[in-house]
Amino acid sequence: MDSQKEYSLDLGDKPMIIKTGGIARQANSTVLCQMGDTVSMGNVTISKPRDVDFLPLQVVYQEKFYAGGKIGGSRFRKREGRPNDAFVLLARVIDRGLRPMFPKHMRNDIQVFCTVLSYDFENEHDITSANAANLAVALSDSPADGPLGTVRVGLIGGELVLNPSREARTKSDLDMFVTASLERIVMIEAGANQVPEAEVLRAIEFGKKWAQKIAKFFADIQKEIGREKFVVEPAYMHDEAYKFLKAWALPEVNKAIKTPMAKKERRDILNGFIDQAPEKLKEKFGEVPTDGSEKAEELAKLYANAKALADKVIKGEVRRLILEEGTRMSGRKVDEIRPISAMVDILPKRVHGSALFQRGETQGLSTVTLGAPGDKQLVEGMEGEHELRYMHHYNFPPFSVGETSNRLMVGNREIGHGNLAQRGLEPVLPSEKDFPYTIRVVTEILESNGSSSMAAACGSTLALMAAGVPLSAPVSGIALGLISDEEKGQYIILSDLQDEEDFGGDMDFKLTGTEKGVTAIQMDIKIKGLPDSVFVEALERSKVGRAHILAEMLKAIPEPRKEMSPFAPRIETVTIDPADIRLVIGKGGETIQKITGELGVEIDIDDSGLIFITSVNGEAMQKAKEWIEGIVAKPEVGKVYKAKIVRIIDGVGAIGEFLRGKDGMIHISELQWKRTERVQDVVNLGDEVEVKVVEFDAVEGKTRLSLKQMTPPPEGMSAAPSRPFGGPPRGGPGGRPPFRR
């Protein structure tokens with residue numbers, strides 16, 4: 001620990017403390033980042049190159065229960081398991097900032113660990129983790145550009161706030177991450193409460209300023225203690241072979257790009273050129289000699305990279321057509337959105353709401369299930385437990401792109417896309433007070449050719465409206481792309497991005513919103529950063545595109561339905577005194593289990609005394625409501641109730657059950673006006689009779705009932721109860737002498 005160095009940077013009124021050296025020294029680099037009592041550790045390790053066609057970068061975000069002073073897990077398991085979805089999403093945010101900083105042709109395994117060591121519930125661990133990772137990569141010997149800085153931006157009462165606290169975020173209309181290098185913004189992730197585009201742009205500029213301040217701070221540390229970067233072998237290039245493939249394939253490639261056709265048809269044509277490339281090059285350069293000569297090695301390497309060279313030809317032509325001719329796949333214009341169709345009620349009403357949204361060759365089936373408040377998802381982590389009332393689950397099966405795959409479980413990409421659509425809809429959902437249902441939306445992507453996450457957002461809106469969920473405003477979403485030429489300083493923004501433009505393009509900018517403003521943003525780039533002018537144009541283009549898409553959506557269903565599916569549960573609420581909750585639950589849960597068992601309803605009780613009764617059977621729900629109201633009702637003196645005789649006490653009287661579980665004593669003197677010798681002469685077990693409450697002791701909870709007072713007294717006889725609480729038995733008609741020793 002003697003070699004540990006410490007640095008500090010003021011971020012507004014909060015210092016960011018950086019510590020390096022002395023710990024985890026076998027990692028390529030290690031950084032501790034601290035704000036308040038929140039501490040995160042970033043570690044980078046790098047291995048040798050391997051034979052893959054992508055950058056094998058992995059960001060792991062680890063939550064530790066001890067960081068929040070918690071012992072989590074079940075009674076049988078206390079070790080941390082797979083990070084919950086929130087931590088998977090945070091890992092993706094960090095990954096998306098770092099990935100474009102590495103050389104595209106780098107093939108070394110890179111693993112970045114972010115571990116939360118301490119959390120003070122005020123300074124957020126995602127900012128300390130992101131910056132620990134950013135600096136750890138900068139200090140490592142990996143040839144990544146940068147360094148990067150990451151900040152969170154809030155919008156509270158119209159004022160922009162840097163890295164708002166956990167409590168302050170509950171009042172914020174915007175939750176935005178901005179990651180920037182010394183020159184440009186490289187990543188944006190945001191959720192917003194219908195914030196106007198002008199305010200979003202202001203937040204981006206604000207975030208960039210502070211993120212670049214961190215990047216400059218890190219650059220100074222890197223100059224002082226950063227490791228020397230290793231050299232990555234340049235991407236393979238053979239100019240003569242590239243020109244040959246270009247001359248051979250370009251006419252047909254150009255035609256395939258410009259001609260309107262289905263994705264699979266075009267993909268087959270383009271893949272045909274890629275597959276033929278090795279043999280075509282052999283026609284020009286000949287077979288590989290078997291003499292082990294330098295020429296043999298060169299040709300073997302050329303043919304091994306032939307398909308990559310052919311792919312480069314195709315992507316180059318896609319980019320050229322857009323930059324020079326303004327022409328896209330199928331001859332689309334740069335701001336043209338593919339044909340849109342939308343349908344609701346695609347499934348029977350047993351599914352509470354359903355919709356099919358299609359844009360071009362991207363198709364999503366969204367369904368809505370409405371459940372009881374008790375159906376909320378309980379999420380556990382180092383921050384404690386919290387409940388999710390609204391969930392959006394996104395599935396991307398391999399058949400949606402005409403492929404097979406061994407990976408059939410949900411991956412990080414699916415979690416990320418589902419969360420983006422979920423964030424886009426959250427600001428327009430009704431409050432739990434107005435609509436107490438738990439809501440689950442599932443989007444099945446049935447076809448995909450670009451921006452399936454935005455299809456999920458649009459489909460979710462339609463399905464929710466079809467299910468009768470009273471959204472405050474409909475939400476639509478669009479994905480924008482970018483093709484740029486950094487040397488010429490030229491760029492073109494593309495509306496409604498599709499696959500080939502995504503794979504060969506420079507940006508994926510997804511944005512959801514209402515007519516009023518933005519609800520979610522996710523921006524990924526594949527170059528070192530973007531000029532600020534891109535954001536101005538992109539926000540304006542997205543606004544126009546969203547409006548067009550929304551107009552097409554509303555042709556299917558113009559507003560939320562007033563009625564829900566007959567198969568959707570109904571929820572009735574009852575408000576009781578919190579002190580009476582124990583009465584509804586009963587000893588060991590006996591009472592509430594009896595209600596739910598007999599009537600087939602679900603009952604959820606809030607600590608405030610608000611009770612939710614959920615059932616698809618309206619009659620059962622009404623009976624449950626009356627049952628609960630009877631349990632907590634206070635007997636009123638002079639009021640008549642129906643009672644069932646549940647106990648006979650010889651010589652004393654009978655116990656009558658009324659108001660769903662309340663017992664009252666019908667003294668033998670209150671059975672009839674004349675003297676009663678045997679209780680059974682008037683009532684027997686199981687009899688149902690009408691009785692009047694003659695006395696109620698609220699302190700003791702005791703009630704005296706009268707059967708005789710349901711009829712007028714004989715002439716000359718008093719109607720007053722013969723025995724008040726606490727008094728000795730009286731003589732007279734029906735009375736008994738006091739007990740004597």
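The values are calculated or read from the model by the stated rules, or taken from the named source; none is laboratory data. These figures come from a predicted structure and were not determined experimentally. Glycine gets a Cβ as well: all are built from the backbone with ideal geometry, and neighbour counts include every protein chain shown. SASA here: full protein model, heavy atoms, side chains in, ligands and nucleic acids out. Shrake-Rupley method; radii C 1.70, N 1.55, O 1.52, S 1.80 Å.
Annotations for the structure displayed:
- Acute angle (nearest 10 degrees) that the helix 197-225 long axis makes with the longest principal axis of the chain, alpha-carbon atoms: 60 degrees
- Accessible surface for the stretch 241-323, divided over its residues, is 55 Å² per residue with a 1.4 Å probe.
- Mean separation of Cα pairs under 8 Å and 6 or more residues apart, divided by the residue count, gives the stretch 340-438 a relative contact order of 22 percent.
- Dipole orientation for the chain: of the candidates V693, Q194, T676, T676 has the Cα lying most toward the positive pole (charges on Cβ; Lys, Arg +1; Asp, Glu -1).
- Summary of packing: across the peptides 50-59, 483-492, 391-400, 147-156, the per-residue average of other C-beta atoms within 10 Å ranks them, highest first, as 147-156, 391-400, 483-492, 50-59.
- Packing here is the average count of other Cβ atoms within 10 Å per residue, and on that basis the peptides 23-36, 110-123, highest first, run 110-123, 23-36.
- Whether the stretch 197-323 is rounded, prolate or oblate, judged on the alpha carbon gyration tensor where a/c under 1.5 counts as rounded: oblate
- Distance from the stretch 314-333 to the stretch 82-145 (C-alpha centre basis), Å: 35 Å
- Between the helical axis of 239-258 and the longest alpha-carbon principal axis of the chain there is an angle of about 50 degrees.
- DSSP bridge orientation in the chain - percent antiparallel, rounded to nearest 5: 90 percent
- Report summary: the helix-based calculation at 222 nm, which adds -39500 (n - 2.57) for every DSSP H run with n ≥ 4 and divides by the residues of the chain, gives -9500 deg cm²/dmol.
- Heavy atoms of E700: accessible area, 1.4 Å probe, square angstrom to 10: 120 Å²
- Dipole orientation for the stretch 25-64: of the candidates G36, Y61, Q26, Q26 has the Cα lying most toward the positive pole (charges on Cβ; Lys, Arg +1; Asp, Glu -1).
- The label point for D13 and the one for K349, both projected 7 Å from the Cα toward the Cβ, are 5.7 nm apart.
- Between helix 618-632 and the chain: long-axis angle, C-alpha atoms, 0 to 90°, nearest 10: 60 degrees
- One decimal place: the segment E6-D577 gains 200.0 nm when fully extended, by the rule 0.36 nm per residue minus the C-alpha distance.
- Packing, as the average of other Cβ atoms within 10 Å across residues, places the peptides 242-250, 97-105 in the order 97-105, 242-250, highest first.
- Projecting the Cα atoms of L174, L155, M621 onto the charge dipole of the chain, computed from C-beta unit charges around the Cα centre, puts M621 farthest toward the positive end.
- Net length gained if the chain between E387 and E336 were fully extended (0.36 nm per residue, minus Cα distance): 14.2 nm
- Of K70/K433; K209/K510; K14/K208; K64/K104; K104/K255, those spanning more than 25 Å from alpha-carbon to alpha-carbon: K70/K433; K64/K104; K104/K255
- With a 1.4 Å probe rolled over the protein heavy atoms of all chains, the accessible area of T179, T404 falls in the order T404, T179, largest first.
- Rolling a 1.4 angstrom probe over the chain with all protein chains present gives an accessible area of which 50% lies on carbon and sulfur atoms.
- Net length gained if the chain between D275 and E590 were fully extended (0.36 nm per residue, minus Cα distance): 106.4 nm
- When both the stretch 369-437 and the stretch 1-37 are represented by their alpha-carbon centers, they are found 36 Å apart.
- Part-to-part distance (alpha-carbon centres) for the stretch 229-269 and the stretch 666-690, which is given in Å: 99 Å
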